[in-house]
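One structure below.
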Ligand SMILES: [Zn+2]
């Protein structure tokens with residue numbers, strides 16, 4: 001894990017938590033999750049006529065919020081498919 005100890009948003013303490021199958025740093029004060037070196041790898045925007053299709057996030061941060069379908073690589077999240 002990283003050497004980060006404090007939240008960049010509110011200055012609260014960061015705690016290591018198991019999230020999405022990986023250890024991540026979570027702020028005790030505001031719930032901010034520190035993703036180390038996230039890099040967007042894909043984004044899909046589906047438009048039909050005057051409507052845009054959104055997906056609902058299943059996990060924190062912003063669980064249940066609507067968003068475009070996106071993904072990122074966080075260093076340890078590579079999965080192989082057969
Ligand atoms: Zn915070």
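Looking at (1) in a strand (DSSP E or B); (2) surrounded by 11 or more Cβ atoms within 10 Å (Cβ to Cβ), which is the only condition residue 36 fails?
Residue 36 satisfies all of (1) in a strand (DSSP E or B); (2) surrounded by 11 or more Cβ atoms within 10 Å (Cβ to Cβ) except (1).
Take residue 13 and tell me if it is within 16 Å of the ligand (Cβ to nearest atom), over 16 Å from the mean Cα position of the chain (by Cα) and surrounded by 11 or more Cβ atoms within 10 Å (Cβ to Cβ).
Details: within 16 Å of the ligand (Cβ to nearest atom): yes; over 16 Å from the mean Cα position of the chain (by Cα): yes; surrounded by 11 or more Cβ atoms within 10 Å (Cβ to Cβ): yes.
Yes: the conditions hold for residue 13.
Looking only at residues in segment 39-59 that are outside any strand (DSSP E or B) and on the phi < 0 side of the Ramachandran plot, which one is nearest to the chain's Cα centre (by Cα)? I'd like the intermediate steps shown before the answer.
Our first condition is that a residue be outside any strand (DSSP E or B); within segment 39-59, this holds for 45, 49-50, 54, 57-59.
The next check asks that each one be on the phi < 0 side of the Ramachandran plot; those that pass are 45, 50, 54, 57-59.
Details: 45: 18, 50: 28, 54: 16, 57: 10, 58: 11, 59: 8 Å.
Among those that are outside any strand (DSSP E or B) and on the phi < 0 side of the Ramachandran plot, it is 59.
Cβ-Cβ below 8 Å, separation at least six or inter-chain, first residue in segment 53-75 and more than 14 Å from residue 19 (Cβ to Cβ), second part of a loop (DSSP other than H, G, I, E, B) and modelled with pLDDT of 90 or more: which pairs?
56/64; 56/65; 66/54; 67/54; 68/54
The values are calculated or read from the model by the stated rules, or taken from the named source; none is laboratory data. Only a predicted model underlies this, so the values are computations on that prediction, with no experimental measurement involved. Don't worry about glycine lacking a Cβ; one is built from the backbone with ideal geometry, like all the others, and counts go over all protein chains shown.
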